[in-house]
Amino acid sequence: MKKIITLSIILSLAVGTLAGCSSNGSQENKQENNSAQNNAAAQSAGSLSGTFTMTSYIKDGEPVDLSDNNSKGLYTTLELKEDGTGVYDFFGIKSDVTYDSQSINLSGVKSAYTVSGNIITITSGATTMVFKKGAQNASQTPANSSEPSKTDNSVPDASSAEPVQKNADSKVSIKSGEWTNIEWETYTDPNGYFSLKKPKGWEVEAVDGKSNGKLFGLQLTVRTPDKTQGVNVLDFIIIPKNNLSEPTIEAMYKGLFQSASEWNVLETTVPDYLQQYIDTHSKEVADAKVLHVEFEQNGIKGEGMYLGILEDILSDSYIAVTLWSGWTPRGEYQNWSDIYTKIQASVKYTDSYRARFSSSTASYSADSNNTSMSDAFMDSWNKRNKSEDIMRQKQQDATLGYERVYDTQTGSIYRADNGFMEKYSTLDGQRYSAISDDMYTEGYQGYVSLD
């Protein structure tokens with residue numbers, strides 16, 4: 001028989017939100033449940049006075065026996081007074097109870113109950129809880145204490161007890177996202193081609209594509225050591241025309257990412273700066289735009305923004321100039337978009353770079369337009385279809401097992417594991433709330449969890 005034996009697990013129990021567990025509760029408790037449900041009669045309020053301890057529960061048809069927990073001093077108790085009031089003690093977190101001959105209001109939830117002898121059975125939705133009279137609260141008598149049990153029927157003094165909200169909020173842990181506190185450092189290329197600013201600890205890789213006769217320029221990659229996110233800046237690449245199915249940025253990037261097992265263009269935009277470039281170089285430009293993409297490559301599921309300008313000035317090849325990209329794990333790009341544009345805008349090329357590369361970049365010089373291109377990148381992100389992005393964010397959270405909440409006092413948005421708000425509400429917490437749909441476009445500041 002499977003039993004719940006740790007405090008961290010059993011803390012997920014509460015009225016209407018009992019965690020489902022697969023077990024075959026004891027025969028004794030099954031008999032108690034059947035007796036309570038089949039033979040109970042409505043009782044007067046005064047006849048129920050005393051302290052009761054939860055001995056078992058049934059969630060969605062799955063019974064769980066709590067005798068092993070109770071033997072270790074892990075109790076949930078229900079204290080009922082003759083005047084129709086009482087106290088529900090959920091591991092030291094107490095809330096008021098009211099009841100009459102038909103129903104009981106437990107943690108703000110009105111539920112039906114039945115009585116059979118010294119057993120109270122409370123039914124709330126798909127959850128049935130069984131309480132037995134006469135057990136002792138763990139906070140009053142330790143599990144291994146040799147002292148005899150003493151039943152305390154008094155109601156705690158409201159003036160001296162801490163509000164339940166404080167108890168709930170004291171159990172919330174916050175971990176700030178890395179993107180909220182970036183420590184910047186300057187990186188200078190040892191070959192003397194460029195410098196840039198990057199988050200401390202991130203790697204920089206520079207590939208000289210002109211070496212060994214390769215048909216691309218200087219490719220800069222700034223990324224985390226695990227390579228799951230970063231930015232890329234490539235000044236130009238020459239692509240034979242027969243390598244592209246059509247002269248578009250979509251076809252170009254799809255060709256460059258042939259190893260990706262998934263490459264799904266979610267949205268395309270042409271920000272103002274790119275449109276101005278197209279208008280100025282209309283005879284040379286075959287296509288220019290920014291793509292918002294989801295992909296899977298090397299086992300990593302990510303999303304990113306990809307910018308490119310494709311020029312048709314050679315007889316047998318296209319020249320793609322200024323290929324910029326930024327990528328993150330799925331659902332996280334919105335947190336890093338500002339950081340990425342700062343990295344890209346900070347790239348400064350040297351005279352050595354200009355002497356080696358700039359003459360090869362057709363009608364465009366990447367050196368003089370980093371700020372404008374980074375602005376175009378941000379402009380495209382801000383102009384994305386917000387309603388579709390909200391839907392994608394919600395789907396990604398559901399797939400990955402997350403939900404988002406916000407701090408009603410500060411307005412900060414956080415990501416949490418599924419079930420956070422359910423457990424937090426069980427503790428009568430008031431500070432955190434589920435977010436509204438429009439908040440999905442704002443990113444989040446970090447992560448919250450319940451201790």
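The values are calculated or read from the model by the stated rules, or taken from the named source; none is laboratory data. Here the structure is a predicted model, which is why all the values come from computation and not from measurement. A quick note on method: Cβ atoms are made from the backbone with ideal geometry, for glycine too, and the neighbour counts reach across all protein chains shown.
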Tally of residues being at pLDDT below 70 and either at positive phi or acidic (Asp, Glu) (or both) across the range 340-374: 2
Top-ranked residue of the range 308-323 - restricted to ones that are polar (S, T, N, Q) and either in a strand (DSSP E or B) or under 41 Å from the mean Cα position of the chain (by Cα) (or both), ranked as nearest to Leu234 (Cα to Cα): Thr322
Residue ID - nearest to the chain's Cα centre (by Cα), chosen from residues in the range 430-451 that are without any contact (Cβ under 8 Å) to a residue 40 or more places away in the chain and part of a strand (DSSP E or B): Ala434
Residue in the range 420-429 that is assigned to a helix (DSSP H, G or I) and over 18 Å from Ala168 (Cα atoms) present: no
Subset tally (residues that are surrounded by 14 or more Cβ atoms within 10 Å (Cβ to Cβ) and not small (Gly, Ala, Ser)) for the range 168-183: 6
Pairs, first crowded, with 17+ Cβ neighbours inside 10 Å in the range 238-257, second β-branched (Val, Ile, Thr), C-beta under 6 Å, six or more apart: Ile238/Ile319; Glu250/Val265
Pairs where the first residue, in the range 85-98, is at pLDDT below 75 and the second is surrounded by fewer than 19 Cβ atoms within 10 Å (Cβ to Cβ) and among the acidic types (Asp, Glu), C-beta under 8 Å, 6+ apart: Ile93/Asp428
Residue that is modelled with the lowest pLDDT, among those in the range 212-237 that are surrounded by fewer than 17 Cβ atoms within 10 Å (Cβ to Cβ) and not polar (S, T, N, Q): Gly213
